[in-house]
Amino acid sequence: MGPLAYLKTQFAVHLLIGFVFVVSGLLINSVQLCTLVLWPLSKQLYRRLNCRLAYSLWSQLVMLLEWWSCTECTLFTDQATVDRFGKEHVVVILNHNFEIDFLCGWTMCERFGVLGSSKVLAKRELLYVPLIGWTWYFLEIVFCKRRWEEDRDTVIRGLERLADYPEYMWFLLYCEGTRFTEKKHRVSMEVAASKGLPALKYHLLPRTKGFTTAVQCLRGTVAAVYDVTLNFRGNKNPSLLGILYGKKYEADMCVRRFPLEEIPLDEKEAAQWLHKLYQEKDALQEMYNQKGMFPGEQFKPARRPWTLLNFLFWATVLLSPLFSCVFGVFASGSPLLILTFLGFVGAASFGVRRLIGVTEIEKGSSYGNQEFKKKE
């Protein structure tokens, strides 16, 4: 193990990275709070500023994937689709099987210049998660309780507000509603059988309400739907902790572009279109398991230096006073100051670990274990 590889495994280094992310995030959230005064004066200026503030936070996580763990992301698609990346509003459909699937998506957003303006239909519980949920609030992310009777009006209003968004946005939908687990898959396939739908081997039954509402509300704004099927070489199941420890993964993403005009206007027909799409996604996963690759040309978009430079900026700004403070505490010889500092370190470690826990499969929500049994 080389010096750099050894450094990446050290808890103290992880704690410093977490410190930079958390403190910079709180500072960014404070600035975002101040930008609210711009909303009644210039909504578009407010949006552009918040896109860049969000980029400064999210790109730190992308930096870990691209520069710290050196994970490689390969696209399987065609040149015409690649040429459109970052140049149109789109809805992105991504399978929800891995702890870092969102991070692979963010990497592609960053490389094509839409990371700050990326959107998601998120569960409402995330609104209350420090940094993540708070930043999303200022980005006009659409939050839902995942009970359609209560969510319908909120989701429609949130989507309609994005119709005049000034930056190209990629709006992510996890149509399965929750992350894949064997238990949720078993329940989901029972529902599929009861509805006369073909069984899916690698996906949960897609929940169609969010998708059909999104394409209806964003029609005229969104140009296409990007279907993205993600897998990792070597049958790896990566985690955010693995990324933090510098483990390198190889992500493969099959991207298919569907112009929005190809998706039916009728809600029932659009739902059928989505079910057919997931049957095709299942076939793509089966092909990947058999051949070790997706169909299509391979593209490896170059990583950009901005994520690394952004992190180095925040690390320089925040770690210099931290080291001075630590030196002063231990130089004082005061047991109270030293114990207080160690308590702060323990609390910070716990907080960072809790943030990481949001991505972990075993700590994910139980949504889907029983919800699939209710009428959609």
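The values are calculated or read from the model by the stated rules, or taken from the named source; none is laboratory data. What you are looking at is a predicted structure, and each value in this text was computed from that prediction instead of being measured. When we count neighbours, we look across all protein chains shown, and the Cβ atoms used for this are built from the backbone with ideal geometry, even at glycine. Side chains are part of the model used for accessible areas, which takes the heavy atoms of the whole protein and leaves out ligands, DNA and RNA. Shrake-Rupley method; radii C 1.70, N 1.55, O 1.52, S 1.80 Å.
One residue is enough: does segment 51-60 have a residue meeting the conditions in contact (Cβ under 8 Å) with a residue 12 or more places away in the chain, out of contact with any Cys (no Cβ under 8 Å at 6 or more places or on another chain), basic (Lys, Arg) and loosely packed, with under 15 Cβ neighbours inside 10 Å?
Yes.
Being of a type in the set (A, V, I, L, M, F, W, C) and modelled with pLDDT under 95 narrows it down to one residue among PHE85, PHE98, PHE76; which is it?
Result of the check over PHE85, PHE98, PHE76: PHE98.
When you go through (1) open to solvent by 10 Å² or more (accessible area, probe 1.4 Å); (2) under 23 Å from PRO321 (Cβ atoms); (3) more than 17 Å from the chain's Cα centre (by Cα) one by one for SER24, which number turns out not to apply?
All conditions pass for SER24, except number (1).
Scan segment 202-213 and tell me whether some residue there is among the aromatic types (Phe, Trp, Tyr), open to solvent by less than 30 Å² (accessible area, probe 1.4 Å) and part of a helix (DSSP H, G or I).
Among the residues of segment 202-213, at least one is among the aromatic types (Phe, Trp, Tyr), open to solvent by less than 30 Å² (accessible area, probe 1.4 Å) and part of a helix (DSSP H, G or I), which makes the answer yes.
Read through the list (1) in a helix (DSSP H, G or I); (2) without any contact (Cβ under 8 Å) to a residue 40 or more places away in the chain; (3) under 30 Å from VAL23 (Cα atoms), then give the number of the only condition that PHE143 fails.
(1)
Kindly evaluate ALA302 against the criterion of being within 17 Å of TYR226 (Cα to Cα) and either under 25 Å from the mean Cα position of the chain (by Cα) or not acidic (Asp, Glu) (or both).
It is false that ALA302 is within 17 Å of TYR226 (Cα to Cα) and either under 25 Å from the mean Cα position of the chain (by Cα) or not acidic (Asp, Glu) (or both).
Considering LEU355, LEU322, which residue is surrounded by 12 or more Cβ atoms within 10 Å (Cβ to Cβ) and modelled with pLDDT of 80 or more?
Going through LEU355, LEU322 in turn, the sole match is LEU322.
Going through segment 285-295 one residue at a time, which ones are exposed (fewer than 15 other Cβ atoms within 10 Å of the Cβ) and part of a loop (DSSP other than H, G, I, E, B)?
GLY292, PRO295
Kindly indicate which of PHE311, PHE294 is out of contact with any Gly (no Cβ under 7 Å at 6 or more places or on another chain) and either modelled with pLDDT under 75 or not assigned by the TED database to the domain that holds HIS203 (or both).
Matching residue, one of PHE311, PHE294: PHE311.
Counting only residues that are assigned to a strand (DSSP E or B) and buried (at least 20 other Cβ atoms within 10 Å of the Cβ), how many does segment 229-284 have?
9
From the list ARG161, ARG179, pick out the single residue that is surrounded by fewer than 20 Cβ atoms within 10 Å (Cβ to Cβ) and either modelled with pLDDT of 95 or more or not aromatic (Phe, Trp, Tyr) (or both).
The unique qualifying residue is ARG161.
Could you list, in sequence order, all residues of segment 163-203 that are touching a residue at least 40 places away in the same chain (Cβ under 8 Å), over 30 Å from PHE112 (Cα atoms) and out of contact with any Ser or Thr (no Cβ under 7 Å at 6 or more places or on another chain)?
Within segment 163-203, THR181, LYS183, VAL187, SER188, GLU190, VAL191, LEU197, PRO198, LEU200, LYS201 qualify.
Residues in segment 159-194 that are among the hydrophobic types (A, V, I, L, M, F, W, C) and either under 20 Å from ASN237 (Cα atoms) or not in a helix (DSSP H, G or I) (or both): how many?
7
Based on this model, can you work out whether LEU65 counts as touching a Gly at 6+ places or on another chain (Cβ under 8 Å) and closer than 23 Å to CYS254 by Cβ?
Spelling it out, it is not the case that LEU65 is touching a Gly at 6+ places or on another chain (Cβ under 8 Å) and closer than 23 Å to CYS254 by Cβ.
Can you tell me which residues in segment 120-133 are open to solvent by 20 Å² or more (accessible area, probe 1.4 Å), within 19 Å of VAL62 (Cβ to Cβ) and part of a helix (DSSP H, G or I)?
LEU126, ILE132
Here is a check on your reading of the model: is CYS144 under 21 Å from the mean Cα position of the chain (by Cα), surrounded by 13 or more Cβ atoms within 10 Å (Cβ to Cβ), modelled with pLDDT of 90 or more and under 13 Å from LYS209 (Cβ atoms)?
It is false that CYS144 is under 21 Å from the mean Cα position of the chain (by Cα), surrounded by 13 or more Cβ atoms within 10 Å (Cβ to Cβ), modelled with pLDDT of 90 or more and under 13 Å from LYS209 (Cβ atoms).
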